[in-house]
């Protein structure tokens, strides 16, 4: 089964800073998910990507399939970006669910 | 369609009581997933349905847990004889894809269970 490691676990930055969150996984995949979870608990899907790079507004996600590594970047960070960012990959081994990282707790201070 | 809906949002129950949660997925999605998330951890897979068939169950799903999806629409997750260790956020997600993990998921807002 796939294992997911995220770093850092906690990140505090000043408004406007460029943010990078990293995700590594153990088993080759065909797609990786980046999710955002706010304190209320609801999860929003940000990206699903299988190669290269995707951009949505100030968010950029990249993946290197050979290295089994993905990064989520936030440009011009803002306090409203404060949330937990979670990386998830297919569990593998015939399982149809996702295996999630523990998440990166991001706080952007004004 | 307003997305994946979960009810209730919060549930406080006494140890030993039974609780039931409901998830209404996106109507055209044939796959429905239940996950459990404890504080400071990422969600963990519990079970999934394709239409009305429960195709996979995690070993996290003890015999006190049962999930159903009659008619392949909404799903319920019941926990019998709740224990304090059951306190968690229970998340539901749905997907319409063939190989679901390669398709987008839509998550509900979750049901936060507190067992006192």
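Side notes on the structure shown:
- Per-bin percent of Cα-Cα distances, chain A [10 Å]: 15, 49, 29, 6, 0
- The stretch between residue A:66 and residue A:44 holds 5.2 nm of extra length on full extension. This uses 0.36 nm per residue minus the Cα-Cα distance.
- Quotient of the Cα radius of gyration of region B:17-57 and 2.2 N^0.38 Å, N being its number of residues: 1.33.
- Along principal axes, Cα extents of the protein assembly as shown, largest first, whole Å: 48, 37, 33
- 12 Å reach of a label modelled at residue B:22, 7 Å along Cα-to-Cβ, counting backbone N of region B:77-98: B:77
- Of all DSSP bridge pairs formed entirely within the protein assembly as shown, close to 90 percent run antiparallel.
- For the segment A:35-43, counting C-beta atoms of other chains within 10 Å of every residue's C-beta and taking the mean gives 6.
- Additional length obtainable on full extension of the chain from residue B:15 to residue B:76, 0.36 nm per residue less Cα span: 20.0 nm
- Computed over all pairs of different Cα atoms, the Kirkwood value for the hydrodynamic radius of region B:1-76 is 13.5 Å.
- Modelled FRET efficiency - R0 41 Å, residue A:80 with residue A:30, Cβ distances, 0.05 increments: 0.80
Computed from the coordinates by the stated procedures, all read-outs in this text should not be read as laboratory data. For clarity, every value in this text was computed on a predicted model and none was experimentally measured. Every residue, glycine among them, receives a Cβ derived from its backbone with ideal geometry; neighbour counts consider all protein chains shown.
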